[in-house]
Amino acid sequence: MFPKTEIPRSFNAPRELVFKAFIESEHLQNWWGPKGWAFDISKFELRQEGVFH
């Protein structure tokens, strides 16, 4: 088994906005992936055992 790895991050933004960036598809589309890369989210269910397509 591999040891648990933690990579700390800090953001110059309000906590609520950072949370929204991870849970709302509208925000994810603006920052996920390399610069200049665009993608469509066809299915996004933020819940345990949810999906992200």
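Where a number appears in this text, it was derived from the coordinates with a stated rule and is not lab data. What you see is a predicted model; the values in this text were computed from it and never measured. Heads up, the Cβs are rebuilt from the backbone with ideal geometry, glycines too, and the neighbour counts pull from every protein chain shown.
Looking at the chain, which GluC sites (Glu not before Pro) are in a loop (DSSP not H, G, I, E or B) and have at most 14 other Cβ atoms within 10 Å?
Glu6, Glu24, Glu45, Glu49
Give a quick list of trypsin sites (Lys or Arg not before Pro) in the chain that DSSP marks as loop, anything other than H, G, I, E or B, with at most 14 other Cβ atoms within 10 Å.
Sparse-neighbourhood loop trypsin sites (Lys or Arg not before Pro): Lys4, Arg9, Lys35, Lys43, Arg47.
Just need the relative contact order of the chain here, percent rounded to a whole number, with Cα pairs under 8 Å and 6+ apart.
19 percent
In the chain, if the dipole is taken from +1 on Lys/Arg beta carbons and -1 on Asp/Glu beta carbons about the Cα centre, which of Trp37, Thr5, Phe52 is farthest to the positive end?
Highest projection toward the positive end goes to Thr5.
Take the chain, compute every pairwise Cα distance, and split them into 5 Å bins from 0; I just need the percent in each bin.
4, 15, 18, 22, 20, 15, 6, 0
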